[in-house]
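The values are calculated or read from the model by the stated rules, or taken from the named source; none is laboratory data. Small disclaimer: the values here were computed from a predicted structure and weren't measured. Positions of Cβ are generated from backbone atoms using ideal geometry, with glycine treated the same way; all protein chains shown enter the neighbour counts. For the accessible areas, the whole protein counts, side chains as well, though only heavy atoms, and no ligand, DNA or RNA atoms are used. Shrake-Rupley method; radii C 1.70, N 1.55, O 1.52, S 1.80 Å.
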Amino acid sequence: MKMWRKPLDLDEKSLPPAEIYIIESRCKGCGLCVEFCPRGVLKMSDEFNRKGYHPPFVEEPSACVGCHFCEEVCPEFAIFIGDQ
Amino acid sequence: MTSQRVLTGEHFINGDEACTEGALAAGCNFFAGYPITPATEVAETMSRRLPKLDGTYVQMEDEIASIAAVLGAAWGGAKSMTSTSGPGFSLMMENIGLGVITETPCVIVNIQRGGPSTGLPTTCGQGDIMQAKWGSHGHYEIIAISPSSPQEMFDFTIRAFNLAETFRIPVLIMADEVVGHTLERVTIPPAEKIKVINRKKPTESPETYLPYKTDSSLIPVLPNAGDGYRIHITGLTHDERGYPVPDAETQEILITRLINKIRKNRDKIIDYEDYFLDGAKIVIVTYGSSVRPALKAMRDLREHGVKVGLLKLNTIWPFAEDLIRKLAKKVEAFIVPEVNFGQIALEVERCASGQAFTKLISHPGGGIHTPQQVTDGVKKILSDLGSKRKKR
Amino acid sequence: MKQKASKKPDRHPKDELLREDRMPHIWCPGCGIGSAFSSCITALKKTGIDYDRLAVVSGIGCTGRVAGYLNLDSFHTTHGRAIPFATGLKLAKPEMNVFVFSGEGDLFSIGGNHFLHAARKNIDITVICVNNMNYGMTGGQVSANTPTGAITSTTPYGNAEVPLNLPSLAAACGAVYIARWLSLDVRRLAESILEALLKPGFSFVEILAPCPTAFGRRNSLGSALDMNKLYKENSVIRNGVHPDETVIEEGKKMVLGKFIDKERPTFLDRLSKTSELKSTAWPKKEMAAQR
């Protein structure tokens, strides 16, 4: 992450890990979450869900900063970040 | 203007004003409308009276908006009403259908004028009778009331609100220009003598409540917006949850219930007055401004020994079929004077189904029948019947 | 039919405002309406208003289905008539926060007249309009907001007409709050919807949303993803700009932002009650005396 001013305690603090939940059955495979994730956390799966769409999966869990963008942009309410 | 809701006493007012006072006495607290002759006095009186009674008057941009606002206000818990005439009534049709399928209680006043189109803005017509029944697309049943005097404009408007609240349906008041503009004495009873019915509210908990589930009355018990039930109301065919389900089965269940809600309750809705039906050979079937010339004709004819009775329809929809069918077995002919070229006459003819003769006395609009026209009609049918008998 | 909230991780945080039993919704994969709807729920949650005091009214069309999916008192009315229905509801029940969520064809073609007058009267409602530039529900016909030259199922040789600029129209009619965002601008959009919901008076939020299935396909704009990227690349944020400068036309970036945020007494503020009624006739007495 690019920071304009470096906090003094940056080395001591770490971001709490964000829990990403995907409700695969709701996904219609549009890929908005994958494309617009600012940290490249998600990737489209090769698997099919029961509707025949490819849902995303979490490829880089440690990269997630819990910004909730995927949760906000998902048109299907199929992905969300748990309480941090 | 006073801030008294029920103006108990004797008044010299016209039918439009009496209609407004009836609405207020019934608890009307929301009016949305658009000016149109000959219904403007309803809106004008509302605009003076409602703000002083903590009600809301709003003039909308057209009649489509007026009826939409009336439906919205009804779901906000208001007893809402609009008034209009032919052209505006035509514009309201689509949303009357929305009111029917969503089961929204409200009152729509149509002070009929001559049509089609702009027609005769300042004079009488009764050409919207079938439109009241069939005007919105799809098959449905409606309640329409027909006052014939300023006093009835007051009394029947109260009943219209009570029917709307009871059966959860838009109720149409099908008056006409002559009834709306006749100025005469109207007696407003004490408030405590006026029977006012308010819609039932659900008592079930929101978690288990199904908005469109009904008991044997077929009338759903629905909350208002803000009551905590978070209902979904849609003009799409819907199930008991109120959710749209676009299939034939749901359509059958919903539409059958909407039709039967009115048909099976028709004895509670239909209202009429009869005069000298016992032993009558001829019965004049009449409503609205045609009632007075018809009554005069009946009296004149009876003075000359003609056995003529009169049936005055206070409600026109649902139609008093059972009564006409019963009468058709006893009488020789029905005479129907109306300010159109045969609308209620068609219904009478259908119900008489060959058992009695039906004669229309038509009128193109721009006025009403004279008693003489009705008398002549009765005499004509008597001679027709006589010559038929001779032929036999 | 209220649904009780639970905090199970398998339950989406927005489910409390969704009619879950109606999911999945009808919208196509990647449709901008879904994202706009998601932003709206975020805004609704942030208002702090008791959900029983919120009501949504929709008209007809793809966006018109929003009312059916929100777990609020929700009204799915006739085509074009959401605004007057909402007007009646709001005036009869002023303590409720009433908003309209519908499409541009519903609100500005068939229902255009109602928008003018509700804005002029400053009825205290919020109008959220998803502008997807065509009639999606019926298969992609031209709408009043289809860009000039665009192909639709009823403009096979290109649209000869000029689209309506909604922020200009809303400003001319006196709306007190006007903003326009992409459906992809989820945070700015949610913030604007929140501000609009809390703003007394007639507030208006336009959302430019891709319709990949009906509009994008005929105009070779690619998938929902491609369209979202295209919209993002071809838009620019200019907060506070005069609404007349927000016209969407060929060769210009689509202007986004919050354009108007002003104060004006609402219809109910002006509607004096009972004994306060007095003549405010125009022209004033002095002016009348001069004649």
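Residues of C:25-33, mean number of Cβ from any other protein chain within 10 Å of their own Cβ, rounded to a whole number? Show your work: numbers first, answer last.
On the way: counts 5, 1, 3, 3, 10, 8, 4, 2, 1.
Whole-number average of other-chain Cβ neighbours for C:25-33 is 4.
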| Considering chain C as a Gaussian network with a 10 Å cut-off on Cα pairs, which listed residue, C:ARG238, C:ARG11, C:ARG188, attains the greatest mean-square fluctuation? | C:ARG11
| request: Count charges around B:GLU273 for me, please; just the other residues with Cβ under 11 Å from its Cβ, Lys/Arg as +1, Asp/Glu as -1. | output: -2
| task | Please work out whether the range B:1-150 counts as rounded, prolate or oblate from its C-alpha gyration tensor, where a ≥ b ≥ c are the square roots of the eigenvalues and a/c under 1.5 means rounded, while otherwise a/b larger than b/c means prolate and anything else oblate? | result | oblate
| said: Give me the one-decimal nm value for the distance between modelled label points at B:ASP227 and B:THR256, 7 Å along each residue's Cα-to-Cβ direction. | reply: 2.7 nm
| query | Modelled label-to-label distance, C:ARG238 and B:GLU240, 7 Å Cα→beta-carbon offset: nm? | reply | 5.8 nm
| Are any of the pairs B:LYS193/C:LYS93; B:LYS52/B:LYS312; B:LYS133/B:LYS390; B:LYS329/B:LYS380 more than 32 Å apart by Cα-Cα distance, and if so, which? | B:LYS52/B:LYS312; B:LYS133/B:LYS390
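Can you check how the C-alpha radius of gyration of the range A:1-68 compares to 2.2 N^0.38 Å, as a plain ratio?
Working: Rg = 15.1 Å, N = 68, 2.2 N^0.38 = 10.9 Å.
Output field value: 1.38.
Counting each DSSP H run of 4 or more residues in chain B as -39500 (n - 2.57), what helix-only mean residue ellipticity at 222 nm follows after dividing by all residues, to the nearest 500 deg cm²/dmol? Before the final figure, lay out the partial values.
Details: 13 runs with 151 residues, N = 392.
About -12000 deg cm²/dmol.
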| query | When the Cα centres of the range B:335-357 and the range C:18-85 are compared, how far apart do they sit, in Å? | reply | 49 Å
| query | Which residue, chosen from B:PRO364, B:THR8, A:CYS67, occupies the Cα position most advanced towards the positive end of the dipole of the protein assembly as shown, where the dipole is computed from +1 (Lys, Arg) and -1 (Asp, Glu) charges on Cβ about the Cα centre? | reply | B:PRO364
| request: Report the far tail of the P(r) of the range B:196-241, meaning the percent of Cα-Cα pairs longer than 15 Å. | output: 45 percent
| task | Please report, to two decimal places, log10 I(q)/I(0) for chain C at q = 0.09, 0.10 Å⁻¹ as given by the Debye formula with identical point scatterers on the Cα atoms and no solvent. | result | -0.44, -0.53
| remark: Once the dipole of the protein assembly as shown is set up from charges on Cβ (+1 Lys and Arg, -1 Asp and Glu), the residue from the list C:SER109, C:SER39, B:THR40 lying farthest towards its positive end is B:THR40
| query | Probe 1.4 Å, all protein chains in place: accessible area of B:SER205 in Å², nearest 10? | reply | 50 Å²
| query | Per chain A: cysteines with no other Cys C-beta under 4.7 angstrom? | reply | A:CYS27, A:CYS30, A:CYS37, A:CYS64, A:CYS67, A:CYS74
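Rounded to the nearest whole Å², what accessible area per residue is found for the range B:274-391 with the 1.4 Å probe?
On the way: 5160 Å² over 118 residues.
Per residue, the range B:274-391 has an accessible area of 44 Å².
Considering only the other residues whose Cβ falls under 15 Å of the Cβ of B:GLU94, what net charge follows from Lys and Arg at +1 and Asp and Glu at -1? Show your work: numbers first, answer last.
Numbers: positive: C:ARG81; negative: B:ASP62, B:GLU63, C:ASP106.
Cβ neighbours under 15 Å give a net charge of -2.
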| note | Taking every other residue with Cβ under 13 Å from the Cβ of B:ILE129 and scoring Lys and Arg +1, Asp and Glu -1, one gets -3
| remark: chain B, Gaussian network, Cα under 10 Å: of B:PRO35, B:PRO189, B:PRO318, the residue fluctuating most is B:PRO189
| task | Quickly rank B:135-148, B:154-167, B:348-361 as a protection proxy: mean count of other C-beta atoms within 10 Å, highest first. | result | B:154-167, B:135-148, B:348-361
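For the range A:20-81, what does the accessible surface come to per residue with a 1.4 Å probe? Please give it in Å².
Working: 2790 Å² over 62 residues.
Result: 45 Å² per residue.
So how strong a dipole does chain B carry about its Cα centre when Lys and Arg Cβ are +1 and Asp and Glu Cβ are -1, to the nearest 20 debye? Walk me through the numbers on the way to the answer.
On the way: 44 positive and 45 negative charges, 345 e Å.
Computed charge dipole of chain B: roughly 1660 debye.
Computing the accessible area with a 1.4 Å probe over protein heavy atoms, can you report the carbon and sulfur percentage for the protein assembly as shown?
Reported share for carbon and sulfur atoms: 53 percent.
Mind running the shape call on the range B:274-391? Use the C-alpha gyration tensor, a ≥ b ≥ c as the square roots of the eigenvalues: rounded below 1.5 for a/c, prolate if a/b tops b/c, oblate otherwise. Spell out each step's value before the answer.
Details: a/c = 1.37, a/b = 1.09, b/c = 1.26.
Rounded shape, in that the Cα axes give a/c under 1.5.
Which value, to two decimals, describes the C-alpha radius of gyration of chain B once divided by 2.2 N^0.38 Å? The partial results should precede the final answer.
Working: Rg = 21.5 Å, N = 392, 2.2 N^0.38 = 21.3 Å.
Normalised Cα radius of gyration, chain B: 1.01.
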| Among B:MET174, B:MET81, B:MET130, residue whose mean-square fluctuation peaks in a GNM of chain B (springs only between Cα atoms under 10 Å) | B:MET130
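List the residue ranges in chain B for DSSP H helices whose C-alpha atoms run 20 angstrom or more along the long axis and whose Kyte-Doolittle average is 0.5 or above.
Numbers: long enough: B:86-102 (24 Å, 0.92); B:150-167 (25 Å, 0.00); B:248-263 (21 Å, -0.06); B:371-391 (30 Å, -1.06).
Flagged H segments are B:86-102.
In percent, how large is the relative contact order of chain B, given Cα pairs closer than 8 Å and 6 or more residues apart?
Working: 855 pairs, mean separation 63.0, N = 392.
Reported relative contact order: 16 percent.
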| field | Shielding score for B:229-240, defined as the mean number of other chain Cβ atoms within 10 Å | value | 6
| message | Apply the a/c threshold of 1.5 to the C-alpha gyration tensor of the protein assembly as shown and tell me whether it is rounded, prolate or oblate. | response | prolate
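For the range C:118-276, count all C-alpha to C-alpha pairs, find those more than 21 Å apart, and express that count as a whole percent of the total.
Values: 6087 of 12561 pairs.
Distances greater than 21 Å cover 48 percent of the Cα pairs.
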| field | Cβ-placed point charges (K, R +1; D, E -1), dipole of the protein assembly as shown about Cα centre in debye, nearest 20 | value | 1660 debye
